[in-house]
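Contents: one structure, followed by commentary.
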Amino acid sequence: MKDFSKEFNKILAETYHNVLLAEETKRKYSKAGFTFRDRNAISYLTRFKNGTNLSDVADFLKISRPSTTTLIKKLEAHGLVERVPDPTSDRGTLVKITRKGRLFAIYQQRYRDRMAARVSDEMTETEMEILYKSFCKLNQFFVDSINESEEIHK
């Protein structure tokens, strides 16, 4: 493909723009206005049957503890998470996903599953393999970029 980098850059920028528009549209028409970060926190919390501490959530989301506290308070107000005493600490608390939060996470997973199915339905096995490998490389670029930025700002 002639000028691949130029065309690829163009479609990446357009896709990113459309992801942001979809995010804003979803927030605008939902009662709670959950952000992508809110949904990522919910998804992360589904990994822990008995909950996890606030610092782990902050580390996963790559945001400050105060920002994480604000986010958790919002999710708590909507009944998606709860704070429970940490059985290993006298003063600590854990953040635990509620039944309502798990249902919300299932809904989000189904949305992503529909998206993946819709994209892959008309693809050949070879195209799917190439797309998957390409996204793995793109994801690794972002991981490296994040790590480089964190190293620079230490």
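The values are calculated or read from the model by the stated rules, or taken from the named source; none is laboratory data. Since the model is a prediction, treat every value here as computed from it, not as a measurement. Ideal geometry is used to build each Cβ from the backbone, glycine not excepted, and the neighbour counts take in all protein chains shown. Remember, those area values only see protein heavy atoms, side chains included, never the ligands or the DNA or RNA. Shrake-Rupley method; radii C 1.70, N 1.55, O 1.52, S 1.80 Å.
Restricting the search to segment 20-35, which residues are in a helix (DSSP H, G or I) and at pLDDT below 85? Show your work before the answer.
Looking only at segment 20-35, we keep the residues that are in a helix (DSSP H, G or I), and these are 20-29.
Matches in segment 20-35: Leu20, Ala22, Glu23, Glu24, Thr25, Lys26, Arg27, Lys28, Tyr29.
Pairing each residue of segment 82-111 that is under 12 Å from Ile42 (Cβ atoms) with any residue that is open to solvent by 90 Å² or more (accessible area, probe 1.4 Å), provided the two are 6+ apart or on different chains, yields C-beta distances under 8 Å for Lys96/Asn50. Of the helices (runs of 4 or more DSSP H) contained entirely in segment 46-151, those carrying at least 2 residues that are loosely packed, with under 11 Cβ neighbours inside 10 Å and under 18 Å from the mean Cα position of the chain (by Cα) fall at 99-120. Looking across Leu131, Leu71, one residue alone is in contact with a helix residue (DSSP H, G or I) (Cβ under 7 Å, 6 or more places away or on another chain), without any contact (Cβ under 8 Å) to a residue 40 or more places away in the chain and closer than 30 Å to Leu12 by Cβ. It is Leu71. Based on this model, can you work out whether Thr35 counts as open to solvent by less than 90 Å² (accessible area, probe 1.4 Å), within 24 Å of Lys137 (Cα to Cα) and either in contact with a Pro (Cβ under 7 Å, 6 or more places away or on another chain) or not hydrophobic (A, V, I, L, M, F, W, C) (or both)? So Thr35 fails the test.
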